[in-house]
């Protein structure tokens, strides 16, 4: 049966100046960010910023998640801009659970293009704890 | 209630030359590999090699290691460190867009690589769509 190679595996198999692999793609360094926020009658539309900045050209890794209490009858989006949904589309937070970040074939694999924070945006009032775990890889 | 200790916790509690903890197991360095492949009517059994080499002595880390995929067709795929291997994930459906988590059982996880290896994705059907690898490993 045939053997085929991924985009980066192909470059590794044919080393040339044109095929230099970005060091963020193979053997990349992994770093981690943690933060939490205690919501107390936090109003709809509040821009909740968590953690320090994720650098430009970082890949947010699978397994990154926003853990939360039962925050009330609301949904939140998680993104890298105010009201953004680049990390997770609108998700119900009316129970204690976890929002996985960047976990689809389309979301994952796109590098950050500028230094960015994580923004959580509710569509209704929130009460309770939110806690961020985010790992990213970079050169 | 009794307190008991894991293998490495036990070593950590009794430091001596015989109890030195493998540096890959405590504060191990983490590195990451990314690759993508666009499958176009790739037939069953094709050996799809993703990423560069994972070094010998590495532990593949659950949670950070995943293959994301489009809806590839009605059937399963396996993921391993050799052609047609299943040492990272047993046969799993790829019929709908989703993900295959790697090395995430008590039996799969915890075994170090014994040689330099690549990731091999093997479809058990003809597939079309995107396959994207995220793989993190820890080593000394």
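The values are calculated or read from the model by the stated rules, or taken from the named source; none is laboratory data. On a predicted model such as this, the values are computed, not experimentally measured, just so you know. Glycine also receives a Cβ, built like all others from the backbone with ideal geometry; neighbour counts cover every protein chain displayed.
Numbers at a glance
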| read-out | value |
| --- | --- |
| Residue B:101 being within 13 Å of chain A (Cβ to nearest Cβ) and closer than 23 Å to residue A:2 by Cα | no |
| Tally, over the range B:30-56, of residues that are surrounded by 17 or more Cβ atoms within 10 Å (Cβ to Cβ) and under 14 Å from the mean Cα position of the chain (by Cα) | 12 |
| Test set (1) at pLDDT below 95; (2) crowded, with 21+ Cβ neighbours inside 10 Å; (3) at the interface with chain A (Cβ under 8 Å from one of its Cβ atoms) - residue B:60 fails condition number | (3) |
| Residue selected from the range B:114-140 under the condition in a loop (DSSP other than H, G, I, E, B) and touching a strand residue (DSSP E or B) at 6+ places or on another chain (Cβ under 6 Å), by the criterion farthest from residue A:104 (Cα to Cα) | B:116 |
| From the options A:65, A:124, A:74, A:82, residue that is within 14 Å of chain B (Cβ to nearest Cβ) and either touching a residue at least 24 places away in the same chain (Cβ under 8 Å) or out of contact with any strand residue (DSSP E or B) (no Cβ under 7 Å at 6 or more places or on another chain) (or both) | A:65 |
| Subset of the range A:83-104 that is assigned to a loop (DSSP other than H, G, I, E, B) and under 13 Å from the mean Cα position of the chain (by Cα) - its residue that is farthest from residue B:69 (Cα to Cα) | A:84 |
| In the range A:16-45, the residues that are surrounded by 15 or more Cβ atoms within 10 Å (Cβ to Cβ) and not in a strand (DSSP E or B) | A:21, A:24, A:25 |
| Boolean, residue B:6 is under 24 Å from the mean Cα position of the chain (by Cα) and either surrounded by 12 or more Cβ atoms within 10 Å (Cβ to Cβ) or within 14 Å of chain A (Cβ to nearest Cβ) (or both) | no |
| Residues of the range B:56-109 classified as assigned to a loop (DSSP other than H, G, I, E, B), over 13 Å from residue B:124 (Cβ atoms) and touching a residue at least 40 places away in the same chain (Cβ under 8 Å), total | 14 |
| Checklist (1) within 21 Å of residue A:60 (Cα to Cα); (2) surrounded by fewer than 16 Cβ atoms within 10 Å (Cβ to Cβ) applied to residue B:98, failing item | (2) |
